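Trainee: Mind having a look at this structure? Questions to follow.
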Amino acid sequence: MINNIDNNYAAVLFDLGMSKNKLQTYYEWASELVTVLESDQNFSNLLANTSIEKITRKQIISEIFAPELDETFIYFLWTLVDFNRARDLINIVKLFLKLCQQHYGIHYVQVSSAYHLSPAEILAIENALKVGMGLAKVKINNLVDKSLIGGIKLKTNAVSIDATIRSKLNKMRESSFKLAQQGE
């Protein structure tokens, strides 16, 4: 669950990145951190486990991340442990990433398709969105959903477009059903 406290922590990390002129670096580190946390639930649980002493959890953070991350980013992670917010780490980092994306004018679009899109198809969709919606920077996240049969489904924060075969078949089925009811 995302709450105002998570937003505040994300804003603090954003402000730290801006003040140290390291926002892009923090953005890259945070992206990698999300990947690690989402791929290893045991690690997330370990950091959030309040039965493990705070100093031990902070040492784990240092041992794993210190070679890569700067002192300020490490201290930020330690602060989450100190205030028992490590359980919300993934939410906080994702909120931080959204703040960065807004700052950089990046629009993320989830594109669902029945198969993995090729780089050329992704580029074509990015260009169409830039022209059609007036977006400066577009990043595509391609999700495979075999149930779509074919076509694509686009979802942004503001717009959802369903151009899948499954959607068209459902519309045809609904139209046929309505026609059948009118004929009775």
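The values are calculated or read from the model by the stated rules, or taken from the named source; none is laboratory data. Everything numeric in this text was worked out from a predicted model, so none of it was measured. When we count neighbours, we look across all protein chains shown, and the Cβ atoms used for this are built from the backbone with ideal geometry, even at glycine. Note: accessible area is taken over every heavy atom of the protein model, side chains too, but ligands, DNA and RNA are not part of it. Shrake-Rupley method; radii C 1.70, N 1.55, O 1.52, S 1.80 Å.
Trainee: Could you grab me the full set of residues in segment 63-90 that are of a type in the set (D, E, K, R) and without any contact (Cβ under 8 Å) to a residue 12 or more places away in the chain?
Mentor: Of everything in segment 63-90, those that are of a type in the set (D, E, K, R) and without any contact (Cβ under 8 Å) to a residue 12 or more places away in the chain turn out to be GLU63, GLU71.
Trainee: Shifting gears a bit: Which of (1) β-branched (Val, Ile, Thr); (2) under 21 Å from GLN24 (Cα atoms); (3) part of a loop (DSSP other than H, G, I, E, B) is the odd one out, the single condition ILE52 does not satisfy?
Mentor: It is condition (2) that ILE52 fails.
Trainee: Moving on to the next point. Can you tell me which residue in segment 12-31 is nearest to ASN84 (Cα to Cα), limited to those that are open to solvent by 40 Å² or more (accessible area, probe 1.4 Å) and of a type in the set (A, V, I, L, M)?
Mentor: Checked segment 12-31; the qualifying residue nearest to ASN84 (Cα to Cα) is VAL12.
Trainee: Any idea which of GLN102, GLN110 is open to solvent by 30 Å² or more (accessible area, probe 1.4 Å) and in contact (Cβ under 8 Å) with a residue 40 or more places away in the chain?
Mentor: On inspection, the qualifying residue turns out to be GLN110.
Trainee: Under the condition of being modelled with pLDDT of 90 or more and of a type in the set (Ser, Thr, Tyr), which residue from segment 32-54 is surrounded by the most Cβ atoms within 10 Å (Cβ to Cβ)?
Mentor: Restricting to residues being modelled with pLDDT of 90 or more and of a type in the set (Ser, Thr, Tyr), the top hit is THR50.
Trainee: Quick one: what pairs do we get from segment 14-31, first residue within 20 Å of PRO67 (Cβ to Cβ), second open to solvent by 90 Å² or more (accessible area, probe 1.4 Å), C-beta under 8 Å, 6+ apart or different chains?
Mentor: So the pair list comes out as TRP29/GLU68.
Trainee: Ok, one more. Across segment 131-164, what is the number of residues that are in contact with a strand residue (DSSP E or B) (Cβ under 6 Å, 6 or more places away or on another chain), over 13 Å from HIS107 (Cα atoms) and of a type in the set (A, V, I, L, M, F, W, C)?
Mentor: 5
Trainee: Sticking with this structure for a sec: Scan SER51, SER44 and give me the residue that is on the phi < 0 side of the Ramachandran plot, within 20 Å of the chain's Cα centre (by Cα) and small (Gly, Ala, Ser).
Mentor: When all the criteria are applied, what remains is SER44.
Trainee: Considering only residues that are of a type outside the set (A, V, I, L, M) and modelled with pLDDT under 90, look in segment 55-77 and name the one that is farthest from the chain's Cα centre (by Cα).
Mentor: So, considering only residues that are of a type outside the set (A, V, I, L, M) and modelled with pLDDT under 90, the one farthest from the chain's Cα centre (by Cα) is PRO67.
Trainee: Test ILE60 against the stated conditions and say whether it is in a helix (DSSP H, G or I), open to solvent by less than 20 Å² (accessible area, probe 1.4 Å), out of contact with any Pro (no Cβ under 6 Å at 6 or more places or on another chain) and touching a residue at least 12 places away in the same chain (Cβ under 8 Å).
Mentor: The answer is no for ILE60.
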